[in-house]
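Everything below concerns the one structure shown next.
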Amino acid sequence: MHPPYLSGQFLLAMPGIGDPRFERSVIAICAHDSDGALGICLHMPLTDLSVPALMRQLDIDPGDLPETPVLMGGPVETERGFVLHSADWGGEDTRHIANRWALTSTRDVLEAIASGSGPRHWVSVLGYA
């Protein structure tokens, strides 16, 4: 019998969780096994960074991409970026999760989004939980 691992599921914070970093949070569980877990928080947009601004910092031309905010993915490694996206796209370092969505941490996904050839649905985050 295998333990009930949660990869591909969402965690919703209960009221009174006691940790303000996760108050009202929704977390997409991207990895969960006997070695640990990795989740991406989906509840907190960064007010000072948009996806086009991030792309410009990385010398990627965002074209006419709308001013979509980058989200705070969690309190761990907040300088590390990820794109959580639909499973219809895969790149250099894409990890597909439970046949539901995918996670990519390399710039090729941002380049594909900027060119219009990226995943159909996506969010960009800094950090993880």
Relative contact order [Cα under 8 Å, 6+ residues apart], the chain, whole percent: 24
Long-range amide H partners of MET44 with built H, under 5 Å: MET72
5 angstrom amide H check on GLY39, placed H, neighbours 5+ away: CYS30, ALA129
Accessible area of the stretch 9-103 divided out per residue, in Å², using a probe of 1.4 angstrom: 60
³J(HN,Hα) computed for each position of the stretch 96-101 - Karplus, 6.51 cos²θ - 1.76 cosθ + 1.60, integer Hz, glycine/proline x: 7, 10, 6, 6, 10, 8
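Mind checking the full-extension length gain between THR47 and ILE17? Use 0.36 nm per residue of separation minus the Cα-Cα distance, one decimal, nm. Working shown, then result.
Details: separation 30, 0.36 × 30 = 10.80 nm, distance 2.39 nm.
Value of the extension gain: 8.4 nm.
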Distance in nm between pseudo-label sites at GLN57 and SER115 (7 Å out along the Cβ direction from Cα): 2.4
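Can you give the convex hull volume per residue for the Cα atoms of the stretch 53-129, as a whole number of Å³?
Values: hull volume 6.6 nm³, N = 77.
Hull volume over Cα atoms, normalised by residue count, gives 86 Å³.
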Amide hydrogen neighbours beyond the local backbone of THR68, cut-off 5 Å, H modeled: VAL51
Share of carbon and sulfur in the accessible heavy-atom surface of the stretch 1-64 [1.4 Å probe, %]: 58
Taking N as its residue count, the alpha carbon Rg of the stretch 1-66 over 2.2 N^0.38 Å: 1.52
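For the chain, what is the Kirkwood estimate of the hydrodynamic radius, computed as the reciprocal of the mean inverse distance between distinct Cα atoms, to one decimal in Å? Mind dumping the intermediate values first?
Numbers: mean 1/r = 0.0658 Å⁻¹.
One over the average 1/r among Cα pairs gives 15.2 Å for the chain.
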Under Karplus coefficients 6.51, -1.76 and 1.60, residue-wise ³J(HN,Hα) of the stretch 43-49 in Hz, glycine/proline x: 10, 10, x, 7, 7, 10, 8
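The values are calculated or read from the model by the stated rules, or taken from the named source; none is laboratory data. Everything quoted here is computed from the prediction, not taken from an experiment. For neighbour counting, all protein chains shown are included, and Cβ atoms are generated from backbone atoms with ideal geometry for every residue, glycine included. Protein only, heavy atoms only, side chains kept; ligands, DNA and RNA dropped before computing areas. Shrake-Rupley method; radii C 1.70, N 1.55, O 1.52, S 1.80 Å.
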